Protein chains: 2
Amino acid sequence: MNFVDSPNAQINLDSGVFCREEISSRSKYSDLAERRCHLPMNHKGKCAELPFLHHLGQVAPKVAKKIERDSIMTTGASWKSKEAGPNRILRWVMLESDDKLSTFGIHMSRLKPQVVAKLREKAADYDSCIRVAMWLTYEIYKMPDSPDVPKHIRDYLEPLFGSIVPNSTTCTICRLPLSFSLFAAARRGKAEIETCHKDPRLHQPDNVGFAHRACNIAQGPKTLNEFYDWIEQILRRARPGVFS
Amino acid sequence: MNFVDSPNAQINLDSGVFCREEISSRSKYSDLAERRCHLPMNHKGKCAELPFLHHLGQVAPKVAKKIERDSIMTTGASWKSKEAGPNRILRWVMLESDDKLSTFGIHMSRLKPQVVAKLREKAADYDSCIRVAMWLTYEIYKMPDSPDVPKHIRDYLEPLFGSIVPNSTTCTICRLPLSFSLFAAARRGKAEIETCHKDPRLHQPDNVGFAHRACNIAQGPKTLNEFYDWIEQILRRARPGVFS
């Protein structure tokens, strides 16, 4: 089980590497997916769902919270109204049928079709969310200016994704190095780094990464390949001389 | 006086082509700039400030209102708070000193520096606003699917900007033809066509045009040349093979 040889493979969290004991939750959604322990199999002490985030939670708590939130929650509607639907919700809840959701007080049929589509396309199963959280944590420790990775975190993440090479994390979209310090920078209350998806409809490690806010805004609802196609066509009209 | 031979020149509205009689206004800002008549010199009947928009006002009133608004008003803050400052204001009002503005109840020193900068960079004198309104109206009649241009409007606009060639208006940013029908299309209440500036700080005809909403969002606060530089550099990293 690793991503090193086949980074597109979906890592199997039940292959015996992780504890996977159920962690009790008071969430009203706990019937839909049990939350589980991701400490190594046969670990000592208490179970923990996201132990790979504990160090970051100490040295950069806002960044750790962001990874947890973006990995497991849908993005909220940026506009506010009853019709806009729930602001943020667990991604795996959005896998359930309209009937099931209505038992939780979420009435999809009352929402506009575009809102339903937007919520449904953010759906992802619990394990995919955990894999994305692991991957984003790994990406953090490879950023310029990032906190040093403690040995126990390195030993946890490298078998999954390969060597943690300093300064090797780039913006998923523009491909320039992405400095950890940008997490602290914000304009109008919006962070300068965002989590992004190469295909907005796929929530899995090889499709998720960090990006400059301006890059993510420019990509918009397009896939990354559609975005590159689009800017290539713009440039072919605006600057034909630079092409071969 | 025309733009045909030197489209970058600032057309002189006082050169004897236009009536330019003062039009009385009840605006509290009327001391700052008299609004004037732009019917031809020695016209018959009542004076009119934006007569070139009257036909569009009949066949596409929302588009005519948009041209008037975008030509003479600053864009509003998209976020709401006391600190965000006035939502939309006449562009020439923003040419006045802080002291003068305080006599109108606009207290610039109480706003955040970024808000002041944003408002001040939208400032433009009255004549520039009129020129932009004329230019945007001209751009409309060259769009695919646009209303047919009446002879008296054609005779008014062509001496200023050149022949009205059907289907020749393109998105300022991506340079694809821009269909008039996109004014009616809207997602989440936002029109699919926006007014844009090649340089966000210059409000004059050769710097202003229409653009797809997605293109305008992608350009963001960059100048159009900075935007082309930026996407060229992205593409050189993402698709190096397409360059010569």
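The values are calculated or read from the model by the stated rules, or taken from the named source; none is laboratory data. Please read these numbers as outputs of a predicted model, since none were measured by experiment. Please note: Cβ atoms are built from the backbone with ideal geometry, for glycine as well, and neighbour counts cover all protein chains shown. To get the accessible areas, we keep the full protein, side chains included, count just its heavy atoms, and leave off ligands, DNA and RNA. Shrake-Rupley method; radii C 1.70, N 1.55, O 1.52, S 1.80 Å.
Expressed as a whole percent, the accessible area of chain A that falls on carbon and sulfur atoms is 50 (1.4 Å probe). Residues of the stretch B:162-176 whose accessible area (probe 1.4 Å, heavy atoms of protein chains only) drops by at least 20 Å² once all protein chains are present, relative to their chain alone: B:174, B:175, B:176.
Over the stretch A:157-244, accessible surface divided per residue gives 44 Å², non-protein components excluded, 1.4 Å probe. Label points for residue A:113 are taken 7 Å from Cα along Cα→Cβ. From this copy to the others they lie 4.9 nm apart, shortest first. Under a Gaussian network description of chain B, with springs only between Cα atoms under 10 Å, the residue in B:190, B:28, B:118 that fluctuates furthest is B:28. Calculated FRET efficiency, residue B:107 to residue B:46, Cβ-Cβ distance, R0 = 30 Å: about 0.20 to the nearest 0.05. By the rule of a C-alpha distance below 22 Å, with chain neighbours fewer than 8 residues away ignored, the lysines paired with residue A:222 are A:112, A:118, A:122, A:190, A:198, B:190, B:222.
Between B and A, buried accessible area from a 1.4 angstrom probe totals roughly 2600 Å², ignoring ligands, DNA and RNA.
Interface residues of the stretch B:195-236, defined as those with an accessible-area decrease of at least 30 Å² between the chain by itself and the complete set of protein chains (probe 1.4 Å), are B:217, B:218, B:228, B:230, B:231, B:232, B:234, B:235. Looking at the square roots a ≥ b ≥ c of the eigenvalues of the Cα gyration tensor of chain B, which shape do they give, rounded for a/c under 1.5, prolate if a/b is larger than b/c, or oblate? Verdict is oblate for chain B. The H on the amide N of residue A:36, modeled in the peptide plane, is under 5 Å from the matching H of A:23, each at least 5 residues off or on a different chain.
Placing R0 at 51 angstrom, the Cβ-Cβ distance between residue B:29 and residue B:167 gives a FRET efficiency of 0.85 after rounding to 0.05. Across the copies of the chain, residue A:69 has label points (7 Å from Cα along Cα→Cβ) spaced 3.1 nm apart, shortest distance listed first. Peptide B:47-53 has a mean shielding of 0, counted as Cβ atoms of other protein chains within 10 Å of each residue's Cβ.
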